[in-house]
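To start, the structure itself, in structure tokens.
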Amino acid sequence: MSPVLKDLREATGDSHRALEARMPFMSADLDGALYRRLIQAYYGFYQPLEQRLQAAGALEAERRKVPALLQDLQALGIDSHSLERCHDLPDVDDHWQLLGVMYVIEGATLGGQVLRRVIGERLGIGADSGGAFLDVYGPATGTLWKAFLKRLWDAETDAQRQQVVAGAHSTFLCFQRWLEQAGVLAGLAETAEA
Ligand code: HEM
């Protein structure tokens with residue numbers, strides 16, 4: 001494992017667990033309407049973030065997830081143009097911070113493999129009926145993740161590693177704030193009791 005991956009796991013594990021616990025995929029409240037709101041919220045965050053990453057020349061075509069989100073919005077009968085976009089985004093000007101941002105959005109595809117099964121079983125939604133984003137890499141998920149992890153070896157100095165961690169931390173924070181604002185997260189009190 002690269003040293004910075006160890007740092008990332010230590011620094012963002014709590015954020016991941018907190019967010020996972022508050023996302024409504026496993027909750028009794030999950031229904032088609034809530035799923036539609038979730039996909040709209042994902043789009044509102046990923047669309048402007050991917051635009052930034054592309055402007056920074058950091059997002060290869062095969063890692064773009066917005067086309068899958070657009071496909072889902074269309075399948076769910078939602079007009080993407082009217083959707084609110086997030087402006088409080090992580091900074092991608094610094095190469096190392098950008099790597100931390102990528103760690104979070106690439107890592108999220110692993111959870112997607114769990115979630116795509118959940119929405120299939122609970123809502124009957126598949127890749128062609130609104131579930132393309134959660135299975136964005138399909139069978140290539142593991143390969144693309146391993147290829148991404150290789151890039152993390154580039155972060156060698158303490159300063160570089162700190163910037164990577166800062167980028168990842170800020171991505172979790174921004175995404176959580178955005179989802180909170182979109183009203184798709186379960187309440188804190190509810191999570192604490194669970
Ligand atoms: C209910 C929602 C979620 C579930 C059930 C979930 C589940 C998972 C699972 C099963 C893994 C793979 C762990 C492993 O193979 O060791 C994973 C990894 C990861 N997830 Fe999530 N996840 C969720 C939401 C998210 C979100 C919203 C983000 C960020 C936007 C995220 C970021 C990550 C990252 C960065 C990793 C990689 C961790 C590592 O191996 O270093 N996850 N998640």
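Things worth noting here:
- Matching residues, the range 58-90, being of a type in the set (A, V, I, L, M, F, W, C), within 21 Å of L173 (Cα to Cα) and touching a residue at least 60 places away in the same chain (Cβ under 8 Å): C86, L89
- The C-beta contact set for the range 13-42 (first residue more than 17 Å from I125 (Cα to Cα), second residue within 13 Å of the ligand (Cβ to nearest atom) and open to solvent by 10 Å² or more (accessible area, probe 1.4 Å), distance under 6 angstrom, 6+ apart or interchain) comprises S15/F172; L19/Q176; A21/T191; R22/L185; R22/A186; R22/T191; A41/A182.
- Tabulated pairs, the range 102-131, first β-branched (V, I, T), second open to solvent by 60 Å² or more (accessible area, probe 1.4 Å), C-beta under 8 angstrom, 6+ apart or interchain: V118/M26
- Helices (runs of 4 or more DSSP H) contained in the range 1-101 and holding at least 2 residues more than 13 Å from the ligand (Cβ to nearest atom): 32-55, 66-75
- Taken together, the criteria place W153 among residues that are aromatic (F, W, Y), over 21 Å from G44 (Cβ atoms) and either open to solvent by 60 Å² or more (accessible area, probe 1.4 Å) or in contact with a strand residue (DSSP E or B) (Cβ under 6 Å, 6 or more places away or on another chain) (or both).
- So V92, is it touching a Leu at 6+ places or on another chain (Cβ under 8 Å) and over 23 Å from L34 (Cα atoms): yes
- Once the range 124-150 is narrowed to residues that are within 16 Å of the chain's Cα centre (by Cα) and assigned to a loop (DSSP other than H, G, I, E, B), the residue that is farthest from the ligand (Cβ to nearest atom) is A132.
- Residue check, D7 of a type outside the set (F, W, Y), out of contact with any Asp or Glu (no Cβ under 9 Å at 6 or more places or on another chain) and either at pLDDT below 95 or open to solvent by 10 Å² or more (accessible area, probe 1.4 Å) (or both): yes
- Residues in the range 132-161 that are without any contact (Cβ under 8 Å) to a residue 24 or more places away in the chain and polar (S, T, N, Q): T143, T157.
The values are calculated or read from the model by the stated rules, or taken from the named source; none is laboratory data. Bear in mind the structure is a predicted one, so any value in this text is a computation, not a measurement. Note that each Cβ is placed from the backbone with ideal geometry, even for glycine, and that neighbours are counted across all protein chains shown. When the accessible area is computed, the model is the full protein with side chains, heavy atoms only, and any ligands, DNA or RNA have been set aside. Shrake-Rupley method; radii C 1.70, N 1.55, O 1.52, S 1.80 Å.
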